[in-house]
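Let me begin by presenting the structure, written as structure tokens, before commenting on it.
The values are calculated or read from the model by the stated rules, or taken from the named source; none is laboratory data. Bear in mind the structure is a predicted one, so any value in this text is a computation, not a measurement. Virtual Cβ from ideal backbone geometry, glycine too; neighbours counted across all protein chains shown. Protein only, heavy atoms only, side chains kept; ligands, DNA and RNA dropped before computing areas. Shrake-Rupley method; radii C 1.70, N 1.55, O 1.52, S 1.80 Å.
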Amino acid sequence: MNKVLFSLIAITLFLSASAYAVTEHDENIIVESETIKIPFGGNTTENNDLIICVKTDFSSCSSDFTVLYNYSYGADSETGTFSTYNSTFSTYGSEITNNGHYCGTISGVSTGTVSVNASCFNSNSGKFLEDSTIIPVYIGTVGVFPSTVNPAYNNYEYGGLPGENITMALYLEDSNDLSISTTNGDIYYSVRNIKTGGIINASYSYNKINEQESFWLETFTIPTDAPVGIIDFVANEISTCDFGGVHIIYQAIPFTANVNINKSEISMGDTILINITKNIYYGYFNNVITTIEYPNGSVKNIYLNENNNHSTSFTTPTTQQGIYNITSTITHTSGFEKIYKTTFYVRPYHIDIAQLKEVYAPAETVYISAALINASGTPIPSEVNFTFYDSLDDKIATIPNSETTLENNYRKASYSISSNADNGEYRIEIKIKDEYNTIYSTTEYFTVSTSSTYTDIEFSPDKLELDIDSLDEIKTKISITNEGSAIDDIDIAVKNLTSYVSINTTDLDETIASGEDTYFYIVVSPDDEMPLGELTSAVEITISDETYEIPISLDIILSTDFAIENEYSFEILTGVQETITIPIENNGTYILKNITADIEGDLKDYVTGTYTPEIPAGDTGYIEIELDEFEDDGTYTGTINLTINDDDYSTTIIITVFDDFADNIEYLNALRLSLHQAIITLQQEGTYVGDVEESLESLQASINELDSLYASEKYLEAKDLLDTLQAEANEIETSVTVLQAASTPQDNSDAEESIENYCGDGFCDLGESCDCSDCRYEEQCEEIPSSGSSNTFIIIFVVLLVIVGGVVIATSIVPDDWEENQ
């Protein structure tokens, strides 16, 4: 054994601290004494995998937990990342713990070292903490291989249940790929429990494997407390002192199960209970898919999952006899999957009993009729035998088929109760044989009583089976017929599913004479959040201290249907944080929930958050996507991948980003005002302005439209309109400049009087105060003087007339920032 454990395999991680602004060494992060190496002792064979786990203590850290390794051998090296223990050994599902272990699998190439570096960030100190360790790795050349002498050997994956045996058969090869004899080699093994979270629970003891003629053979019992684990093999060649090792992960069968039904004799229209009984040894069921195949080949899904305790009811159709196949596919968290099947036979007919009452008096005659009924409700010819038993379970009468009378294919029998018959419950066993010699049997009960008070109640219908495929309320009338003594009290209550099932007793008469009837309603009010599949409820009816039950079976088949466009376009401005919304219209009958949204493409880096709603049936909900500021204009596209009710969908988002042009709109408004004042001045001077004034009024209307487009975030239309209006404003300005150059000052008092400037004409006119709604911009109000003011807001036009060759060239001086705003 000392030759076997002559060196340790090791693995380490290396994390460069150069990327951190401040790094501080902390020797307490890696607990070096709990470093785990598999195979234990570090003895492995070249190119075999090694498992290395280091225990960490990140208690002083707040974020950025990282464990990296660097495997160096000769001039070569490999780097990688360790994952948590839970990620490495996830077979046990939620049963497994972490306890700070980080593990990795490395292929052993050559003898060398593995350096491990664990790091994290401490928010209190603002520093990155790190710790490292170096472990030597020794790689041998002795190969350990499974023998193929028997295909039943080495069945490590789902080879048996916990407590059952696995046979290990192995052989060895040296560095030249030649077999090593059993006299020149030894193999040892140890079993490691990976369930407890500390990675290994065992003492590191090894058991020597028995030698056979040409291979090594040993039987290993799967521990009941460790149904999944690691078998660690180490070996040595005696003559050369070379060594090697290998590990395998064994995995017991995680569960056993059976599909059961609660009846052996089933007729069309009968309700049966189907359930799964199970033994789970580790992990849990990940998925259970169960179907029933009908005799005609059609298939229906039924639900036998954890939510209904793997049990449900199933009502056989009234139109299909024959063999029904139940198939249940169960998938475990380990990935193990097994299919369970069972069958049942549905007989073509069911028994119908007539005439029998619930209570008889001594000396009264019992009349009973029985028949087999087909799917259409028609009685069919059959052979019927009746056997009567008294309250002491003694046989008191047998009426064979030959002694019955026939009426409409019903076989009728009668029995006269003795005048001194004991009170109590009597029974009638009825056996009926159809034309296929299939035997149908049932037992009916009646009571013999000397009391004049007895209860005999009939309900119609006596059970409720509904398909729920819409959210419409379903109201079913239940009739109560009294064939017994008078009734003076009726209590009705819903047993379960009270969120969806209620009763309406408005028309119920609680006092019913013998031979009379009354009724009430069972009301089913579907909800778009009802669990899909089959739900069961019942209404309990208490009459004269007797309790009756009307079973209710609901098959919930609500649908998911929604409307979403293939593409959505948005327009936003640079430098602004925006929230865009994607509407989803729920056109189905089931709530849309568990909605997830994942963004891909150019937009992904700008998304700061998403909100996904639950959308009731018939409503419209909105997915909100929060976007960070865009620095550059342009077009950005992305795909939003949606998961809605476990189904996947995608749509495209196109966002066009514009530089903000609000200043350009402000400037255009200011120019419009200055041109308006210039036209007023020209009119006061007696200059005929022609259609220039109409052009300016049209410009004002268009600017109002521009403001509306900008406010509505229709930036593309607004930008195009702005460019057009700037060109129109330039033309109007040129026309005004020409008119100013051609005008001659004169007495224009009459013209001045004819010009009507008033608040509300859409122009901030000379002399109007800032209270006027026309003067929207405070800075303009301040710049537009009252009449007679020496300061003027009108752009000062300096007209230079140069007459050269009969050509008049007019130039104007406009505000300094005009060119900048173009």
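Observations, loosely collected:
- Packing rank of 406-417, 219-230, 47-58, 645-656, where each peptide gets the mean count of other beta carbons within 10 Å, highest leading: 47-58, 219-230, 406-417, 645-656
- Length added when fully stretched, I323-D472, from 0.36 nm per residue minus Cα-Cα: 50.1 nm
- Over all directions, the projected convex hull of the C-alpha atoms in the chain averages 68.1 nm² in area.
- In straight-distance terms, cross-link reach from K593 covers every one of the lysines whose alpha-carbon lies under 26 Å from its own, apart from those fewer than eight places away in the same chain; here that gives K300, K604.
- With the charge dipole of the chain set up from +1 on Lys and Arg Cβ and -1 on Asp and Glu Cβ about the Cα centre, the Cα lying farthest toward the positive end among the listed residues L668, Y649, F344 is that of F344.
- Here the accessible area of region 290-389 is 46 percent carbon and sulfur, with a 1.4 angstrom probe and all protein chains present.
- Probe 1.4 Å - accessible area at S418, Å² to nearest ten: 50 Å²
- Using the Karplus relation 6.51 cos²θ - 1.76 cosθ + 1.60 with θ = phi - 60°, the per-residue 3J(HN,Hα) values for region 377-383 come to x, 8, x, 10, x, 7, 9 Hz, with x marking Gly and Pro.
- Region 410-536 - percent of accessible surface contributed by carbon and sulfur, probe 1.4 Å: 38 percent
- Radius ratio Rg over Rh of region 558-650, counting only Cα atoms, Kirkwood formula for Rh: 1.01
- The angle between the Cα long axis of helix 715-742 and the longest principal axis of the Cα atoms of the chain comes to about 10 degrees, rounded to the nearest 10.
- Estimated 222 nm signal from helices in the chain, with DSSP H stretches of n ≥ 4 weighted -39500 (n - 2.57), rounded to 500: -3500 deg cm²/dmol
- Placing unit charges on each Cβ (+1 for Lys and Arg, -1 for Asp and Glu) gives the chain a dipole about its Cα centre, and among G269, P583, S698 the Cα reaching farthest toward its positive end belongs to G269.
- Region 378-430 versus region 531-546: alpha-carbon centroid distance in Å: 32 Å
- Each principal axis of the Cα cloud of region 533-572 was taken in turn, and the coordinate range along them, longest first, works out to 74, 19, 9 Å.
- Under 5 Å from the amide H of I417 lie the amide H atoms of A363, E364, T365, V366, each residue being 5 or more positions distant or on a separate chain, with H modelled from the backbone and absent for Pro and chain starts.
- The chain, accessible area per residue, ligands and nucleic acids excluded (1.4 Å, Å²): 49 Å²
- Distant-in-sequence amide contacts of Y548, defined by a placed amide H-H separation under 5 Å and a gap of 5 or more residues or a different chain, comprise I541, T542, I543.
- Accessible area of D545 (1.4 Å probe, protein heavy atoms only, ligands and nucleic acids ignored): about 150 Å².
- Here the mean projected area of the convex hull built on the C-alpha positions of region 83-217 is 11.8 nm².
- Alpha-carbon centroid distance for the pair region 439-510 / region 23-86, whole angstrom: 70 Å
- Put simply, the amide H of T167, placed in the peptide plane, has neighbours under 5 Å in N154, N155, F220, leaving out anything fewer than 5 places away on its chain.
- Each part gets one Cα centre, and for region 586-608 versus region 152-185 those centres are 52 Å apart.
- Each peptide in 73-79, 586-592, 317-323 gets a packing score, the mean of other Cβ atoms within 10 Å over its residues, and the list from highest to lowest is 586-592, 317-323, 73-79.
- Geometric extent, Cα atoms of region 278-339 - Rg, Dmax (angstrom): 13.7, 43
- Straight-line cross-link partners of K127 among the aspartates and glutamates, defined as a Cα under 14 Å from its Cα and at least 8 positions apart when in the same chain: E24, D26, D64.
- Packing, taken as the mean count of other beta carbons within 10 Å per residue, orders the peptides 139-148, 370-379, 441-450 from highest to lowest as 139-148, 370-379, 441-450.
- All lysines inside 29 Å of K357 as judged from Cα atoms, apart from same-chain residues fewer than 8 positions distant: K263, K395, K412, K431, K433, K463, K477, K495
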